[in-house]
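S.K.: My questions all concern the structure below.
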Amino acid sequence: MITERVLDRSHAHAHSRISGMAHKVPEVTAYFWIIKVLTTGMGEKASDYLAHLLGPMPAVGLGVVALLGSLVVQFAVRPYVAWVYWTVIVMVSVLGTMAADALHKFGVPYTLSTPLFMVALAVVFAFWHASERTLSIHSITTRRHDTFYWDTVLTTFALGTAAGDLSAGIGLGYLGSVVLYAVAICVPAVAYRGRLLGAVSAFWATSVITRSLGASFADWMARDPSHGGLRWVLRPVTLSWARSRSSASRPVWGSRGAMCAADVAAA
C-alpha cells in the first residue's frame with residue numbers, strides 16, 4: 001500500500017513537471033493566427049524604423065540583444081506566459097526581418113535568399129525530428145525541444161519576409177502579395193481537412209504564410225506609392241500595428257474559436 005502511494009506520487013509529480021513544460025505555447029485558435037499576423041507586421045515595420053533611426057548595424061545589435069534577453073525569460077518560465085511568449089515572437093519578427101533584409105543589402109537577391117531560407121528551415125526540421133522524433137508544438141517537454149521550436153520560428157520568419165519581398169518584387173506588388181497570401185493561408189487548412197496534409201505540416205506551412213501576409217500588408221502601408229504602397233510614415237505604422245496586436249491579444253487565452261486554419265490546432 002505504501003509502495004503504491006509512493007509510485008502514485010512519483011507519477012503525479014512527473015506528469016505535473018512534463019505538463020508544465022508542455023504548455024510553453026498558446027492554444028492555436030483564430031486569435032492565435034490574428035495576433036501572429038499582427039506581430040509579424042509590427043516586427044517588419046519596427047525593424048525598418050530601427051534601421052532608419054539607428055543605422056543597420058546598431059539596429060541588428062539591438063535586435064540580437066533584445067531577442068536573447070526575451071528568450072532567457074521564455075526559457076526561465078516553466079508554464080506558458082502570454083506576455084513572455086508574444087514578446088519573443090515580436091523580437092523574432094524584428095530579427096527575422098533584419099536577417100532577410102541584411103542578405104538583400106549585401107547583394108543577395110530574394111530569388112536566392114528565399115530558397116536558401118527554405119533549405120535552412122529544412123535543416124532545422126531535420127535536426128529537430130532526428131532529436132525529438134516529432135515536430136509538434138504540443139510535445140515541448142524539454143529545453144532542447146523548446147530551443148528547436150524557437151530556431152524554427154526564427155527561420156520561418158526570415159523565410160516569410162524574403163518570400164513576401166520576392167512576390168512583391170516580381171510584379172505582384174505589395175497589395176497583390178497581400179491578396180496572394182490571404183488566399184494562400186487557407187490552403188493548409190483545406191488540405192488538412194481533405195486529408196492531403198498532416199496537422200504538423202499544416203501548422204508550419206500556415207506559420208510561414210502568416211509571416212509573408214503580415215510583412216506584405218505592413219509594407220503596403222509604409223512603402224512609397226511608386227512601389228505600390230500608401231507611403232504612411234514608419235513610426236505611426238509601427239505604433240498602429242503595436243496597438244492592434246495589443247488589442248487583439250486580450251481575448252485569446254483560453255479561447256477555442258474557429259479559424260481558417262483551425263484544424264491545425266492538433267499539430
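S.K.: Could you tell me what percent of the accessible area of the range 13-150 is made up of carbon and sulfur, with a 1.4 Å probe and every protein chain present?
M.R.: The C+S portion of the solvent-accessible surface of the range 13-150 is 75 percent.
S.K.: Mind checking which lysines have their C-alpha under 26 Å from Lys24, skipping anything on the same chain fewer than 8 residues away?
M.R.: The qualifying lysines are Lys36.
S.K.: Another question about this same structure. For the range 94-148, report the accessible area per residue in Å² (1.4 Å probe, heavy atoms, rounded to an integer).
M.R.: 52
S.K.: Further, regarding this structure: Once each part is reduced to its C-alpha centroid, what is the distance from the range 26-64 to the range 104-134 in angstrom?
M.R.: Result: 20 Å between the Cα centres.
S.K.: Something else: Which order do Asp219, Asp151 take by accessible area at a 1.4 Å probe, largest first?
M.R.: The ranking, largest first, comes out as Asp151, Asp219.
S.K.: Could you give the size of the charge dipole of the range 45-165 about its Cα centre, using +1 on the Cβ of each K and R and -1 on the Cβ of each D and E, expressed in debye and rounded to the nearest 20?
M.R.: That gives a dipole near 240 debye.
S.K.: Where does the charge balance sit around Ala76 when Lys and Arg score +1, Asp and Glu -1, over other residues with C-beta under 12 Å from its C-beta?
M.R.: Value of the local net charge: +2.
S.K.: Here's something else I'd like to know. For the range 123-159, run through the trypsin sites (Lys or Arg not before Pro) and keep only the ones in DSSP coil with at most 14 other Cβ atoms within 10 Å of their Cβ.
M.R.: Arg133
The values are calculated or read from the model by the stated rules, or taken from the named source; none is laboratory data. Bear in mind that the values here come from a model prediction, so they are computed numbers and not experimental data. All Cβ positions, even for glycine, are placed from backbone atoms using ideal geometry, and neighbour counts span all protein chains on display. We work out accessible area using only protein heavy atoms, side chains counted, and drop any ligands, DNA or RNA first. Shrake-Rupley method; radii C 1.70, N 1.55, O 1.52, S 1.80 Å.
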